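Data first, discussion second: the structure below is written as C-alpha cells.
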Amino acid sequence: MVITRRAFMKNGVAAFTVTMTAPAFLTDLARAQGASSNRSLIVLDLSGGNDGLSLLVPYTDSFYYSRRPTLAIPAGQVLQVGSDSSGKPLGLHPKLAGLKDIFNQGRLAFIQRAGYENSSRSHFTGTDIWEAANPSNTQGFGWLGRYLASLTPPLDPLVAWNTTGDTPLALLSSVSVASIPSVTSYAFSSPNGGSEATRERAAAVSIASHVPVDRPHLAFVATTAQAAMATLDRVAAVGAYAPSVTYPNTGFGQALQAVAGAMAKGTGTRVFWVRTGGFDTHASQETTAESGAYVRLMVALNDGLSALYNDLKNLSLLNDTLLLSFSEFGRRVPENGSRGTDHGAASVMIAMGGGVRGGLYGTAPSLNPDGQNATLENNGNDVRYETDFRSVYARVIDNWLSGDSVSVLGGNFRKPGLDFV
Amino acid sequence: MANGDRLVQHLLRRAGFGASSDEWAAYSALSYPQAVDRLINYAAIADSVDSNIGRAGYIGTTSRGAFSPNTVIDDARQRWLFRMIHTDRPLQERMTLFWHNYFATGFSKVAGKVKGENATRLMAAKASEDPTRQRGQIELFRDSALGSLRDLLVAVAKDPAMLIWLDGDTNTKAKPQENFGRELMELFSRGVGFYTEDDVYAAARVFTGWNLSVTGDPGDPSASFAFVYNANQHEVSAKTFSFPIYGDGGRTIPARPAASGMQDGIDLITALSMHQETARRLATKLYSFFVSETVAADPAFIDTLATVYLQNGTAILPVLQRLFLSPQFQDEAIFLTRYSWPVEFVVRAIKETGWTGFTTGAVLSPLVNMGQHLFDPPDVAGWNLGQGWFSTGAMLTRMNFGATLAENQKFNLARSAAVARTSARAVLDYLLTRLTPDLEPAVYADLLAYASAGITWTGTDAQLQTKAPGLVHLILGSSEYQFI
C-alpha cells in the first residue's frame with residue numbers, strides 16, 4: 001500500500017487526536033508559506049549519541065524487553081503516540097509529556113531510523129559527518145554554512161546565531177556567523193567609565209571599519225570585529241527580552257530563551273544553533289528511576305522544548321519556526337554490562353514547529369537479533385538506517401529555507417513522502 | 001627599530017609568547033643565531049619558574065582554598081599560564097602547547113571516568129606530586145617537547161590519560177578497541193588517506209592488552225593509575241599492514257607468544273614514526289605552527305625538514321633549529337601574519353602590558369569564551385585553528401579581555417607612560433614600542449584621534465591614567481594585534 005500523506009495523517013496523527021475536527025496546521029501552513037522571509041531554523045545538537053530507543057519506545061517489541069533487561073521502559077509507562085506506517089505502536093519516554101502535547105497538536109514529527117551507510121561509531125567523526133552532511137569527506141564548510149553562503153549578499157551579521165562558544169562545523173562558512181554563548185556578556189567593556197567609555201567604543205567601531213584589501217587575513221578579522229560591533233545593540237535588546245514563559249535555568253534553557261528573544265526582537269536570523277549534551281550514556285543510563293541519567297536528559301529536553309514552543313506560540317511566531325534535532329549516532333540495542341548502552345548507528349530525529357506536519361515518519365526497527373533482520377546491522381546489535389539524514393536536510397533546505405538542496409548538499413537526496421515540513 | 005631587532009621580536013613571538021621588557025632587554029643583546037640557540041638549548045637553563053608562584057613581582061593566581069594544581073584542574077590551568085608568562089624556557093612551553101593540540105586529550109572525558117581530582121593528576125601533576133610518581137600527560141609533553149617523536153608516541157600509548165581518552169583501557173582480545181589504533185595513524189603519524197580500514201583493525205589488535213591498571217576505587221583520590229601490558233588480553237596472531245613495518249619492507253608483525261606481544265606495539269610505532277608520510281606530515285604541522293598557516297609551504301622546504309627529522313632518529317630539536325634558521329622563517333613578509341591562538345594572545349598581551357596586581361584566574365573564563373579551554377580541546381583532532389578562532393563572540397571576548405587587563409594595569413601603564421607625557425602622539429608611540437602590532441595607517445590615525453579626544457592634552461597623571469589604558473585596550477582589541 002502506498003502511504004499518502006492523507007492516509008498517513010489518518011493513521012499517524014488523527015488516530016489519537018480525536019478532538020481535532022480539522023487539522024489546524026493546514027491554515028498555519030498556508031500562512032507560513034506566504035512569509036518565507038521570516039522563517040528561522042533552529043538546529044539542536046543532542047551531543048553524545050542519543051538513545052532513540054529510549055526516546056521513542058517500541059513498547060510492543062518483546063526483544064526490546066529481552067535485550068534491555070534493566071533499561072527497557074515498561075509498556076504501561078510510555079506515552080502512546082499511535083503506530084507508524086508499518087503498524088508498530090510507539091510511545092514517548094514518560095517524561096516527554098510536553099512533547100506529547102505538541103505531537104497531539106500536530107506540530108511534532110519524529111523521523112525514525114535516520115542515519116547513513118557504514119555509520120561511524122566515533123563521536124568526532126560521527127559529529128563531523130552529520131555537520132558536514134557528507135559521510136566520506138568532512139573537510140571544508142558545514143551544511144548550514146554552505147546554505148548561508150548560497151544566500152544573496154550582503155548578509156546581516158546576525159543571519160546565523162550560534163549559541164555555543166565554539167563555531168560548529170555545521171556553521172563553518174564563507175559567511176560570518178555570530179557566536180553568542182551568552183547574550184548578557186555579549187557587550188563592549190572599557191577600562192574607563194562615562195563619556196570616556198563612549199569615546200573608546202566610537203574609536204573601536206572606527207578601528208574595526210578599516211578592512212585592508214591587500215591583507216586578506218587581517219581583513220577577515222576586521223570583518224569579524226566589525227560584525228561584533230554592529231551587533232552589540234541588537235544582541236543587548238535580545239538580552240532584555242522578557243519571555244512569556246519560564247525557561248529552565250540551564251545553559252540549554254537560556255540558549256533557547258535567547259533564540260526566542262532574537263525572534264521576538266526581529267533580528268532576522270535564519271539559522272540558530274543550540275547544543276545540549278550528556279547523551280553518551282555508557283553506564284547507569286537509568287531510563288526510569290527518578291533523577292536517573294536518561295530521565296534527567298528527557299526532563300531537560302521536554303522542559304526546554306515545551307518552553308520554547310509555548311513562548312513562540314504566545315508570540316505568534318510558531319509559524320516562522322522549525323526546530324530540527326540530531327545526534328551523532330544512536331545507541332546499541334542490547335544494554336551493556338554497566339546498565340548503559342554503547343555507540344550504535346541510526347537514531348530518531350525530531351522536527352517541531354508551526355509548519356511541521358506532525359506524525360511518525362519512517363518505520364521503527366524490529367529488535368529481533370536474528371541475522372536476517374534487515375532493520376538492524378552489526379550482527380543484529382545496531383539500528384540500521386532507513387532514511388538518509390541528508391534527505392531530512394534536503395527537505396528542510398528546499399521546503400523550509402527555500403534553498404536548493406542539490407547544490408547545498410552536493411547531490412539529490414530528496415525522498416518522496418518525507419514531507420514533515 | 002633595527003631590522004635585527006624586528007627579527008628577534010618575531011622569533012620571540014613565534015618560538016615564545018612575545019617578550020616582557022626584561023626579556024626583551026636580555027634578548028636584544030644577542031645576535032639572531034644566539035637567540036635561536038638560547039631558545040632551543042633550553043636544557044641548559046634552570047627550570048625553576050614554578051617556585052615563583054605566589055611571589056611578589058609575578059602574576060598572581062586565584063583559587064578557592066589552597067592553590068592545588070595537581071588536584072584542581074583550574075589551578076593546573078593557572079600553573080600552565082603562569083609558566084607561559086614567566087618561564088625562561090619559552091620554546092619548551094610552546095612545544096608543550098603544540099603537543100597538547102597534537103595529542104588533544106580532553107580532561108572532561110577523563111574526569112567522567114575517574115572524577116575531577118584524579119583526572120587533574122592524570123592530566124597535569126608532576127611526578128613528584130603523585131603518590132606513585134606517575135607524571136601527568138602535560139608533564140610528559142614538557143619533558144619530551146623537543147625529543148624524539150618515536151619515544152613520545154610510545155610514551156603516549158602508555159599514558160593513563162590517553163588510555164582513558166581513546167579507550168585503550170578497554171582494548172581486549174575479545175573486543176579489540178579501534179579508537180587509539182585509528183588515531184595513531186590518522187592524527188599522530190601518517191595522516192588521513194595513508195592507511196586503510198584493515199590497517200585500523202590490525203592496529204587495534206596490535207594494542208590489545210595495552211591497558212590501564214587502577215589500584216583502588218578509580219574515583220577516589222587514593223587511587224593510583226599505571227599502564228599495564230595484560231599478556232592474557234593480547235591477541236597473538238600475525239598482523240599485516242598496507243605499509244612496511246620492518247626495514248626489509250616486511251608488512252606483517254609476526255605472531256608472538258602473549259608474553260612478548262607488547263613488542264607488536266613497539267614495532268608498529270617505530271615503523272610509523274620513521275615513515276616518510278609521518279615525517280612530512282609533522283614537518284607540515286610545524287611549518288604551520290611556526291612559519292605560516294596561510295602561505296602554503298614550498299614542498300622542497302617540507303622535504304628538507306622531513307629529512308632532518310628522519311636523519312636524526314625522529315628528534316624534533318634539529319628540525320626546529322633548521323626551521324628557525326631558514327630564510328622562510330626569517331622572511332619579513334610573514335612577520336605578524338599568523339592568527340594567534342587564544343592562549344598566545346592572552347599571554348602575549350600580559351607580557352607586553354604588564355601583570356603586577358593581575359591574576360591568571362582572570363584569564364580562565366575569557367579563554368573559554370575565546371574558544372580555548374586548556375586541557376579540554378573539543379575533540380581528538382584538536383582545536384580548529386586559524387580563522388576558526390575568530391567568531392564575533394570570541395572577538396568581543398578578546399577585546400573585553402584587553403579592557404580587563406588595561407583597567408587592571410591602569411596605574412602601572414600611566415606611570416611608565418609618563419616618560420612620554422609631552423604629547424598624545426608620544427604616549428601612543430611609547431605604548432607601541434611595548435605592544436607590537438603591525439598597524440594599518442588608518443588605525444594608527446584612529447588611535448591618535450582617540451588619544452586626545454574629549455580633552456586638551458596637558459599630560460597630567462589623570463590624563464595618563466585615562467588615555468594610556470584606553471589606548472592599550474584599543475590596541476589589544478585591534479585586528480592587527482590578533483596576529484603574531
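Read the figures in this text as sums done on the coordinates, not as results from a lab. Since the model is a prediction, treat every value here as computed from it, not as a measurement. Don't worry about glycine lacking a Cβ; one is built from the backbone with ideal geometry, like all the others, and counts go over all protein chains shown.
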19 Å Cα-Cα reach of residue A:265 towards aspartates and glutamates, excluding residues that sit fewer than 8 places from it in its own chain: A:156, A:233, A:311, A:320
Debye intensity ratio I(q)/I(0), log10, chain A, q values 0.14 Å⁻¹ (C-alpha model): -1.29
Shielding score for A:122-129, defined as the mean number of other chain Cβ atoms within 10 Å: 3
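Can you give the mean number of other chain Cβ atoms that lie within 10 Å of the Cβ atoms in peptide B:374-381?
For this peptide, the per-residue mean of nearby foreign Cβ atoms is 2.
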Gaussian network model of chain A, springs between alpha carbon atoms under 10 Å - residue of A:69, A:94, A:369 with greatest fluctuation: A:69
Estimated Rh, chain B: Kirkwood, alpha-carbon pairs, angstrom: 24.0
Linear extension gain, residue B:196 paired with residue B:298, 0.36 nm per residue minus alpha-carbon span: 33.9 nm
Helical mean residue ellipticity (222 nm; -39500 (n - 2.57) per DSSP H run of 4+; nearest 500) of chain B: -15500 deg cm²/dmol
FRET efficiency for residue B:266 and residue B:364, using Cβ-Cβ distance with R0 set to 41 Å, rounded to 0.05: 0.55
Cα pair count fraction exceeding 52 Å, expressed as % - the protein assembly as shown: 19
Separation of alpha-carbon centers, the range A:365-383 and the range B:196-211, rounded to whole Å: 26
Cα shape, the range B:1-40, gyration tensor, a/c 1.5 rule: rounded
Computed over chain A: relative contact order in percent, which uses C-alpha pairs under 8 Å that are six or more apart: 28
Projected label distance in nm at residue B:58 and residue B:458, using a 7 Å step from Cα toward the beta-carbon: 4.3
Spacing of the two label points (7 Å from each Cα toward its C-beta) at residue B:256 and residue B:325, in nm: 3.8
Inter-centroid distance (Cα atoms) of the range B:79-158 relative to the range A:292-334, Å: 39
Distance between the range B:248-312 and the range A:49-128 - C-alpha centres, whole angstrom: 46
With Cα atoms, 0 to 90° folded angle of helix A:25-34 axis to chain A main axis: 30
Rule-of-thumb Rg ratio for the range B:342-482 [Cα; 2.2 N^0.38 Å; N residues]: 1.10
Filter on A:95/A:313; A:95/B:173; B:126/B:175; A:88/B:115; A:95/B:175 - keep pairs with C-alpha separation over 31 Å: A:95/B:173; B:126/B:175; A:88/B:115; A:95/B:175
Separation in nanometres of the label points that stand 7 Å from Cα toward Cβ, at residue B:127 and residue A:284: 3.5
With Cα atoms, 0 to 90° folded angle of helix A:194-208 axis to chain A main axis: 80
Model label zone, residue B:226; criterion: amide N under 11 Å from point 7 Å along Cα-to-beta-carbon; scope the range B:117-141: B:132-134
FRET efficiency estimate (nearest 0.05) - Cβ-Cβ, residue B:51 to residue B:246, R0 41 angstrom: 0.30
Set of aspartates and glutamates with alpha-carbon distance to residue B:158 below 13 Å, sequence-local pairs under 8 removed: B:167, B:169
Residue list for the range B:319-339, given a label point 7 angstrom along the Cα-to-Cβ vector of residue B:44 and an amide N cut-off under 19 Å: B:319-325
Gain upon complete extension [residue B:285, residue B:115; 0.36 nm per residue less C-alpha separation]: 57.9 nm
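Residue by residue through A:162-169, how many Cβ atoms from other chains fall within 10 Å of the Cβ on average?
Across A:162-169, the average partner-chain Cβ count within 10 Å equals 6.
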Highest-fluctuation residue, A:129, A:207, A:111 considered, GNM on chain A with Cα pairs under 10 Å: A:207
Using a Förster distance of 45 Å, the FRET efficiency for residue A:156-residue A:381 (Cβ separation, nearest 0.05): 0.45
